[in-house]
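This report concerns only the one structure given below.
The values are calculated or read from the model by the stated rules, or taken from the named source; none is laboratory data. Here the structure is a predicted model, which is why all the values come from computation and not from measurement. In this analysis, Cβ positions are derived from the backbone assuming ideal geometry, glycine residues included, and neighbour counts consider all displayed protein chains. Remember, those area values only see protein heavy atoms, side chains included, never the ligands or the DNA or RNA. Shrake-Rupley method; radii C 1.70, N 1.55, O 1.52, S 1.80 Å.
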Amino acid sequence: METKIFSLSKMTICILYVVTGGKAFNIFQRVSYTPCSSRLQLEFDGDEQENESGYIDEKRRFITKTPILITTSMIANAGKPLYAFAAEPVTAGEADGIGARLARKLRKKAPKVLRSKLNQDFAVLLMRSSYNALDKIDCVAMDQFQRDFFLIRQAEYQPYVNQLGPGIVQQGMLTDPNYFDFISFAQYTTISREINKNPPLVFEEQQSENVGEDQPQRFVSTLIKRDPLLTNEMLSKQHSKLVGTDIIDKLDEIFGGTPSEIPSVPIGTLDSKATLASLTQLKNLFLLNGFAFDGNVSITKVGPVEAEYCISLKNPATLWSGTALQQSRADPLNCFILKAATELVSRSGFVVSSSSVKYEENTEITYIRIK
């Protein structure tokens, strides 16, 4: 008996959603068609699967080994890739078209300023946490994100390098603040596009299969369904929260129990001075990892139940990209210390009621109001 792997049509997905009450999309991994039975078979496996990063990917767990059978009369376009439910991919024309070139001309030029060399692990943390957060909120196929990211950075790289001059940017070196500034811009330009282009609730993703050594890489089309409670309007905020969580978790892992650990924000009544000490140490760890040349944290306003703080970072690694992303109205932005500070205070039961980021005289200035 021969089994063929193929994607479902849009109509079939709608039928599946109605028949199973939406539960099918939470559990099935692959679709196979058995010619002799004229049936479409969705197979499940009850075991948890571990991805390449070593994390359990719960959203793709299979909860039963019992196959679901649906007659092929329900299939309108068997064998065709399911791109009707995917966000529109970036094209070369979009990445380097007239609109993109005009946007480049209107941007502020990349600054030629003295900046610290980034710690490799910290730079990877910022990039990887941003990627992983996008994967977790399930708004785009990650194989499509990789293609879109490639086209955008390919189109943007040479114009950026030309502004700074030959030999200034060390391509591929995340420790180089000039390169990190560029690659973070490309990453968040892509992330913002994927989040804000009316992303689908259900889409197809190409996932690699485990194969033996010396075997060609194989990919399986997998249907992904986002948690319906996570609406499109919530995606940007949730992405920023996940990035902030990863940053604080890693800093706690490295510096917890040492003289450099971040002091906890006291639970209960807002203690403005204790909170200042926590945010100051967070800033210090960003400086220690080479994210900025210098920095400062101060209290700007204090009320009965609320306080406002200002975090300034001199010549940060995202000096140009932060400005450029704001100019293009990207959302979310790559304001990493704001994401981390928001998560830090939230762990003591406080919320950030308002925040803002601006760039003046090669300084990133973040205002954060806590209550």
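Structure summary
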item: First in the stretch 278-302 and outside any strand (DSSP E or B), second anywhere and basic (Lys, Arg), Cβ under 8 Å, 6 or more apart; result: GLY290/LYS117; ALA292/ARG115; ALA292/LYS314; PHE293/ARG115; PHE293/LYS314
item: Subset of the stretch 95-109 (residues that are open to solvent by 40 Å² or more (accessible area, probe 1.4 Å), over 22 Å from TYR359 (Cα atoms) and in contact (Cβ under 8 Å) with a residue 12 or more places away in the chain); result: ASP96
item: Odd one out for PHE291 among (1) of a type in the set (Phe, Trp, Tyr); (2) farther than 22 Å from LYS112 by Cα; (3) at pLDDT 95 or above; (4) touching a Leu at 6+ places or on another chain (Cβ under 8 Å); result: (2)
item: Single match in ARG329, ARG369 (criterion: under 23 Å from the mean Cα position of the chain (by Cα), within 28 Å of ASN196 (Cα to Cα), at pLDDT 95 or above and not hydroxyl-bearing (Ser, Thr, Tyr)); result: ARG329
item: Scan of the stretch 326-351 for residues that are open to solvent by less than 20 Å² (accessible area, probe 1.4 Å), of a type outside the set (S, T, N, Q) and farther than 16 Å from HIS239 by Cα, ordered by number; result: VAL345, PHE350
item: Leading residue by the ranking (most open to solvent (accessible area, probe 1.4 Å)) among those in the stretch 303-325 that are assigned to a loop (DSSP other than H, G, I, E, B) and of a type in the set (Val, Ile, Thr); result: VAL305
item: Some residue of the stretch 241-258 being over 17 Å from the mean Cα position of the chain (by Cα) and closer than 20 Å to CYS139 by Cα; result: no
item: Cross-chain or 6+ apart pairs with Cβ under 6 Å, the stretch 194-212 first and farther than 25 Å from ALA95 by Cα and in contact (Cβ under 8 Å) with a residue 60 or more places away in the chain, then among the charged types (D, E, K, R) and open to solvent by 10 Å² or more (accessible area, probe 1.4 Å); result: VAL202/LYS225
item: Residue list for the stretch 354-368, restricted to those being within 21 Å of ILE247 (Cα to Cα) and open to solvent by less than 60 Å² (accessible area, probe 1.4 Å); result: SER354, SER356, VAL357, GLU364, ILE365, THR366, ILE368
item: Residue list for the stretch 164-204, restricted to those being under 15 Å from the mean Cα position of the chain (by Cα) and among the small types (Gly, Ala, Ser); result: SER184, ALA186, SER192
item: Members of the stretch 264-277 found to be touching a strand residue (DSSP E or B) at 6+ places or on another chain (Cβ under 7 Å) and either not in a helix (DSSP H, G or I) or not small (Gly, Ala, Ser) (or both), listed by number; result: LEU270, THR275, LEU276
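Residue-wise test of (1) charged (D, E, K, R); (2) open to solvent by 20 Å² or more (accessible area, probe 1.4 Å).
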{"site": "GLY165", "(1), (2)": "no, no"}
{"site": "ASP176", "(1), (2)": "yes, no"}
{"site": "PHE185", "(1), (2)": "no, no"}
{"site": "ILE191", "(1), (2)": "no, no"}
{"site": "GLU204", "(1), (2)": "yes, no"}
{"site": "ASP214", "(1), (2)": "yes, yes"}
{"site": "ILE224", "(1), (2)": "no, no"}
{"site": "LYS237", "(1), (2)": "yes, yes"}
